[in-house]
Each structure stands twice: as structure tokens, then as C-alpha cells.
1. Accessible surface of S3 in the full protein assembly, 1.4 angstrom probe, to the nearest 10 Å²?
2. Starting from the Cα of K221, step 7 Å along the direction of its Cβ; do the same at C105; then give the gap between the two resulting points in nm.
3. Ignoring any ligand, DNA or RNA, what whole percent of the accessible area of the chain comes from carbon and sulfur when the probe is 1.4 angstrom?
4. Which of N192, N100, N81 ends up with the largest GNM mean-square fluctuation for the chain, with Cα atoms connected below 10 Å?
5. List the aspartates and glutamates whose alpha-carbon lies under 12 Å from that of K61, not counting same-chain residues fewer than 8 positions away?
6. Not counting ligands, DNA or RNA, and with a 1.4 Å probe, what is Y123's accessible surface area in Å² rounded to the nearest 10?
7. Keeping every protein chain in place, order D87, D42, D106 by accessible area at 1.4 Å, biggest value first, i.e. largest first.
8. What FRET efficiency comes out for S189 versus T211 if R0 is 22 angstrom and r is the Cβ-Cβ distance? Round to the nearest 0.05.
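The values are calculated or read from the model by the stated rules, or taken from the named source; none is laboratory data. Given the structure is predicted, the values throughout are model-derived calculations rather than measurements. Positions of Cβ are generated from backbone atoms using ideal geometry, with glycine treated the same way; all protein chains shown enter the neighbour counts. We work out accessible area using only protein heavy atoms, side chains counted, and drop any ligands, DNA or RNA first. Shrake-Rupley method; radii C 1.70, N 1.55, O 1.52, S 1.80 Å.
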Amino acid sequence: TYSKCMDDGAFGVGSFNTLTVTPAVIENPFNQKIDKAVCSYDIPNVFRINGLWVLPFHGNKFIEGWQLSGIMNRYNGIPINVNSGFDIAGFTSGNVPRPNYVAGCDPYAGAQTVTHWFNTSCYTLETPGTFGNTGRNTLRGPGFFNMDLSLSKETVIREQIKLQFRWEVFNITNHENFGNPGNNFFAASTSNPAGTPNASAGLITSSNLGTTPRQMQFGLKLTF
């Protein structure tokens with residue numbers, strides 16, 4: 001599927017918009033047009049396929065009745081907002097200002113690794129008391145990939161008695177899906193209130209909450 005969602009950030013704080021007014025996520029409440037961008041949960045491309053194959057084994061009850069099924073999911077990462085890291089604009093209302101974007105700089109050049117998801121040199125701290133020119137939700141986090149397979153067999157013991165065996169494998173490729181990287185580019189301190197580069201910007205430190213390592217399970221079910 002292909003889709004696109006646009007908003008101005010005025011609704012929703014979590015992973016999905018919650019129809020709750022949240023001005024804290026608006027950079028400048030006097031000019032919400034600068035926050036118009038893709039939604040925080042926008043996923044433009046989703047590919048999902050599933051299937052069931054009845055294996056063509058015939059002869060007796062021990063080799064008949066096998067089935068192979070699976071499901072594969074692949075989709076884009078969600079948008080990431082580039083944050084200055086502290087309220088250098090001076091609004092003190094909980095809003096998150098964005099830094100300046102260096103014109104012509106490719107934020108993904110030589111990047112998109114766990115330790116360097118985007119090029120932090122593409123952004124500079126804005127002048128105190130001003131907003132940066134970086135748009136909202138201009139970057140994207142890592143995508144998601146997962147494939148599950150199941151092998152099953154149903155054996156007819158008697159007319160009304162059946163035994164089903166299942167072997168299920170989740171994330172069969174053992175693919176690691178990563179969470180979003182740090183997106184606060186600068187940090188202020190008592191010794192340097194003007195801000196310094198944040199070492200965690202662009203660094204991925206967690207896995208996607210929707211993924212697990214490869215797991216297997218076996219099951220037997222008797223129906224009568």
C-alpha cells in the first residue's frame with residue numbers, strides 16, 4: 001500500500017495521534033504553518049504478504065496433511081523531528097525548537113548506521129531568541145522487516161478424532177529492527193548555556209518495540 005498523512009502537529013503526542021490538543025509540540029503557536037509536514041505516524045509504504053501452501057505429499061496418514069504458511073511485513077520508518085535539544089528560543093512553554101539546516105547538505109550521506117543514522121553536521125544551532133529553519137519531521141527512522149513461518153500437519157486418527165502438530169517460527173531471519181536514533185542535536189549546561197553538540201544525536205540505542213529475536217514454539221492439539 002501507499003499512503004501519506006499531513007498535519008501541523010497540533011494533535012497527538014504518542015506514536016499515534018490521539019485527537020488531544022497538544023500545543024507543546026508546536027514550535028511557534030503564532031505561526032502553525034511552519035509545522036505543516038507529514039504526521040508523526042506517517043508510513044508511506046507498507047508491503048505485507050501471506051500465504052498457505054498445502055504440501056503435495058500423498059500415500060499414508062504420516063506423510064499427508066502437511067501445510068506451510070507464512071507472513072512477511074516490510075514498511076518504512078516513522079518520521080523523526082530534528083530538535084535543538086533545549087529552549088534556546090526562550091518560549092519556556094514546553095515547545096521544542098528546531099535548529100538551522102545547512103543548505104545543500106545531505107543528512108543521509110555516509111550515514112544510516114546504528115552509530116550514525118544521519119549526518120549531524122547538516123544542522124547548526126540557531127541564534128538565541130530565534131527559531132531554526134529546519135522543517136518538522138524531515139528525517140525518518142529505520143524501517144521494519146519481519147517474516148514468520150509455520151509448518152503444520154493434521155492427522156486423522158478416526159472420523160471424529162484429529163491430531164494437529166504445529167511448528168511456528170517468529171522472525172525466522174532473526175532480523176534486528178532498530179528503534180529511532182537520538183534527535184536532540186545540542187545540549188545546554190551551566191558552563192555553556194549557548195549549547196554544545198550532543199554526542200547521542202543520530203545514535204540508535206534501542207530496538208523497535210515491535211520486534212523480538214527469533215523464537216520457536218511447538219504445539220499438539222487433539223480435537224474430538
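1. Approximately 60 Å² of S3 is accessible to the 1.4 Å probe.
2. Going from the K221 label point to the C105 one covers 5.6 nm.
3. 59
4. In this elastic network of the chain, the residue with the biggest mean-square fluctuation among N192, N100, N81 is N192.
5. E154
6. 10
7. The residues order as D106, D87, D42, largest area first.
8. So the FRET efficiency works out to roughly 0.05.
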